[in-house]
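*Asks:* Here it is: the structure, laid out below.
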Amino acid sequence: MQRITPVVIAIIHHKGKFLLTERKNDDEEDNEFGKQPLWHFPGGALEFGEELDEALIREIKEETALTIRIVQQLPHIYSALRRYWHGLLIPHLCVVTGSKKVILDHESINYGWYTLNEVKKLRKLPFVQDMAEDANRLL
């Protein structure tokens, strides 16, 4: 079934670096990228009745165990189209407000803090570099 899904994305910035997670590539919709894990910014789908900020705070807590504060929404919404899935990616610049200890859920196998130049070198999902550059312009 074809569907359009709003997805909130956290561009978490701390001391000149961005938090990225390396997600398992076991989603059928990601087959076009191969089976190698890909780096991306954490986030997830909006649930029925949720506000954007509520969804983002919930998703980041679930995926990384971090508590965040949303600084602002980035100026661009990205449209990611795959075979049966169309995601509207809504990125937000965020900062961590509590402990910086990351505890990953089942969706990811690794995480790291990367500078903008380091992000360029990673094997990543589309739009990750664009989002990092958008966020960097706001800092």
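*Asks:* Residue by residue through region 48-69, note down the ones that are among the small types (Gly, Ala, Ser), surrounded by 13 or more Cβ atoms within 10 Å (Cβ to Cβ) and more than 12 Å from Ile90 (Cβ to Cβ).
*Replies:* The one that is among the small types (Gly, Ala, Ser), surrounded by 13 or more Cβ atoms within 10 Å (Cβ to Cβ) and more than 12 Å from Ile90 (Cβ to Cβ): Ala65.
*Asks:* Output the residues belonging to region 75-131 that are touching a helix residue (DSSP H, G or I) at 6+ places or on another chain (Cβ under 9 Å), aromatic (Phe, Trp, Tyr) and touching a residue at least 60 places away in the same chain (Cβ under 8 Å).
*Replies:* Answer for region 75-131, where residues must be touching a helix residue (DSSP H, G or I) at 6+ places or on another chain (Cβ under 9 Å), aromatic (Phe, Trp, Tyr) and touching a residue at least 60 places away in the same chain (Cβ under 8 Å): Tyr84, Trp85, Tyr111, Tyr114.
*Asks:* Give region 30-47 a look and list any residue that's open to solvent by less than 60 Å² (accessible area, probe 1.4 Å) and modelled with pLDDT under 95, or say none.
*Replies:* Asp30, Phe33, Gly34, Pro37, Leu38
*Asks:* Something else about it: Go through region 107-135 and report how many residues are exposed (fewer than 14 other Cβ atoms within 10 Å of the Cβ) and assigned to a strand (DSSP E or B).
*Replies:* So the count comes out to 2.
*Asks:* Now for a different question. Exactly one condition in (1) of a type outside the set (A, V, I, L, M); (2) at pLDDT 90 or above; (3) within 15 Å of the chain's Cα centre (by Cα) is false for Pro75; which is it?
*Replies:* Looking at each condition in turn, Pro75 falls short on (3).
*Asks:* Every residue in region 70-106 that is assigned to a loop (DSSP other than H, G, I, E, B), over 15 Å from His13 (Cβ atoms) and open to solvent by less than 60 Å² (accessible area, probe 1.4 Å), please.
*Replies:* Within region 70-106, Arg82, Gly98, Leu104, Asp105 meet the criteria.
The values are calculated or read from the model by the stated rules, or taken from the named source; none is laboratory data. A quick note: this is a predicted structure, and the numbers were derived from the prediction, not measured. Backbone-built Cβ (ideal geometry, glycine too); neighbour counts: all protein chains shown. When the accessible area is computed, the model is the full protein with side chains, heavy atoms only, and any ligands, DNA or RNA have been set aside. Shrake-Rupley method; radii C 1.70, N 1.55, O 1.52, S 1.80 Å.
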